[in-house]
Amino acid sequence: MIDLEHLRKWVGRTEQAEDVLTAWKTGAFAALLDRDDPLPQPGDPLPPLWHWMLCVPYVRQSAIGQDGHAARGGFLPPVPLPRRMWAGGRLEFLQPLRVGETVTRRSEVASVDHKSGRSGDLVFVLVKHEYSGAHGPAVREEHDIVYRPLPDPAAPAPAPTPAPEGAQWEREIVPDSVLLFRYSALTFNGHRIHYDRRYVTEEEGYPGLVVHGPMIATMLVDLLRRSMPHAKLARFEFRAMRPVFDIAPFRLCGRPATEPGKADLWVRDADGYLAMQATATLA
């Protein structure tokens with residue numbers, strides 16, 4: 001039973017954190033993406049979506065929940081459903097954060113909604129973030145979180161969506177536990193679905209380690225940067241369609257959109273299905 005009235009008491013809660021954007025963090029993130037970038041220097045701009053390694057909450061070990069996240073009921077509402085996923089988001093890039101700056105993140109729970117789907121109860125939490133550097137706001141973000149029950153083994157799985165054809169840019173990613181560990185470490189993400197194979201297969205029923213949704217989104221933007229090196233990103237929106245696991249390769253895909261100044265980006269999993277779709281708006 002979902003007590004939506006109780007969960008909505010968390011709407012309006014805020015959280016603030018500070019961090020320093022160091023050259024080491026920037027270089028480490030470039031290494032994670034297998035980029036051969038020059039060594040970061042003070043004042044260098046941080047590429048889009050790399051801000052997700054900054055201002056991350058640090059939670060005492062005694063306050064960690066069973067799934068490796070912070071125990072529920074702190075900043076986020078205590079949704080009584082076992083699976084928690086980053087479902088997507090919308091971001092606006094106002095100016096770059098720069099190496100050496102102190103970065104501040106201010107977050108607010110904007111809404112909590114409940115729906116009943118084919119797989120049972122779903123709870124959607126929208127969190128709004130603003131990241132600011134030395135010269136004011138740099139990134140504004142709407143972050144979609146979905147909570148869902150464990151699947152019923154007897155129920156038919158929802159029909160997946162075939163991935164689009166016609167990509168002009170492609171890059172194959174072969175995920176493994178080392179890649180997932182490195183991203184978890186850089187973002188201080190303790191969610192066990194990304195590194196604890198026994199937990200993710202036996203407790204949450206997935207076939208393998210789950211590849212981080214935000215890392216995949218970052219890889220899509222990185223594909224755009226590799227394909228259009230001089231393009232500047234003004235806005236980015238993405239939606240996770242289907243989990244990706246460390247047991248098979250996946251492909252980053254993209255092409256210029258029919259609408260001028262935009263690019264369509266997506267992820268095709270090993271079975272040819274759409275795992276993530278995104279739109280980039282260029283400045």
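Quick look at the numbers
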{"item": "Max mean-square fluctuation residue, GNM over the chain, Cα-Cα springs under 10 Å, options A155, A70, A167", "result": "A155"}
{"item": "The chain: Lys pairs at Cα distance under 28 angstrom, eight or more positions apart or on different chains", "result": "8"}
{"item": "Candidate values (1) 50, 42, 36; (2) 75, 43, 36; (3) 47, 39, 31, label of the one derived for Cα extents along the principal axes in Å", "result": "(1)"}
{"item": "For the range 87-118 versus the range 11-63, the gap between their alpha-carbon centres in whole angstrom", "result": "14"}
{"item": "Spatial separation of Cα centroids for the range 162-207 and the range 241-283, in angstrom", "result": "15"}
{"item": "Protection-proxy order for peptides 194-207, 45-58, each taking the mean of Cβ atoms within 10 Å per residue, highest first", "result": "45-58, 194-207"}
{"item": "Candidates G208, G73, G190, ranked by Gaussian network fluctuation over the chain, Cα under 10 Å, top entry", "result": "G73"}
{"item": "Theoretical ellipticity at 222 nm over the chain - DSSP helices of four or more residues, -39500 (n - 2.57) apiece, nearest 500", "result": "-4000 deg cm²/dmol"}
{"item": "Top positive-direction residue, dipole computed over the chain with Cβ charges, set H135, V174, A234", "result": "H135"}
{"item": "Choice from M241, M85, M228 with maximal GNM fluctuation in the chain (Cα, 10 Å cutoff)", "result": "M228"}
{"item": "Relative contact order, percent, the chain [alpha-carbon distance under 8 Å, six or more residues apart]", "result": "19"}
{"item": "Packing-based order for 171-178, 22-29, using average beta carbon neighbours within 10 Å, highest first", "result": "22-29, 171-178"}
{"item": "The range 7-15 - phi-based ³J(HN,Hα) in whole Hz, Karplus 6.51/-1.76/1.60, Gly and Pro as x", "result": "5, 6, 5, 7, 4, x, 5, 10, 8"}
{"item": "At least 15 Å along the helix axis (C-alpha) and Kyte average at least -0.5, DSSP helices within the chain", "result": "213-227"}
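Values in this text are rule-based calculations from the coordinates and carry no lab data. Because the structure is predicted, anything quoted here is derived from the model rather than measured. Reconstructed Cβ throughout: ideal geometry from the backbone, glycine too, with neighbour counts over all protein chains shown.
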